[in-house]
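Down below is the structure, laid out as structure tokens.
The values are calculated or read from the model by the stated rules, or taken from the named source; none is laboratory data. From a predicted model like this one, the values you see are computed outputs, not experimental measurements. Quick reminder, even Gly has a Cβ in these numbers, built from the backbone with ideal geometry, and neighbours come from all protein chains shown. The accessibility values were calculated without ligands, DNA or RNA, using every heavy atom of the protein model including side chains. Shrake-Rupley method; radii C 1.70, N 1.55, O 1.52, S 1.80 Å.
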Amino acid sequence: MTDTTITRPTWATETTEPVAIEKSSGWHTTRVVVGDFGVLLNQYIHADGTSEPVHADLTEFWKTEESGTREMFDGDAQKCRDLASALMKAATIIDENNA
């Protein structure tokens, strides 16, 4: 029998195991947060233990305040830098884990 124990990578803060019987994928995930902004990173895991590349879920850009993203920056340059920094950190994790 092949060992399909899933080991959480160092970048991830949460891991959900796949369920072979239900044919549902598992995933590793984390949020990269800088200031008021964050990016959700996911890596989907198959029941056989193989996994997809790490990717940034761009639909999960969020402002940590509940006011939403319509007027994200309000003319604030620091907020622009925070979002850019969160994206750069996400890109670094993706580069390091999809090589």
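Tell me, in nm to one decimal, what length is gained between A47 and A91 on full extension, where the rule is 0.36 nm per residue of separation less the Cα-Cα distance? Provide the component values of the computation, followed by the final result.
Values: separation 44, 0.36 × 44 = 15.84 nm, distance 2.66 nm.
Extending this stretch completely gives an extra 13.2 nm.
Rounded to the nearest 10 Å², what accessible area does D57 show when all protein chains are kept and the probe is 1.4 Å?
About 40 Å², rounded to the nearest 10.
Measuring from label point to label point, each 7 Å out along Cα→Cβ, what is the V33 to T13 span in nm?
Result: 0.6 nm between the two label points.
With a 1.4 Å probe and all protein chains kept in place, how much accessible area does R31 have, in Å² rounded to the nearest 10?
140
Taking the full set of protein chains and a 1.4 angstrom probe, give the accessible area of E96 in square angstrom, rounded to the nearest 10.
Accessible area of E96: about 130 Å².
Please find the FRET efficiency linking D76 to H55, where r is the Cβ-Cβ separation and R0 is fixed at 35 Å, and quote it to the nearest 0.05. List each step's numbers first, then the result.
On the way: r = 28 Å, r/R0 = 0.81.
Once rounded, the FRET efficiency stands at 0.80.
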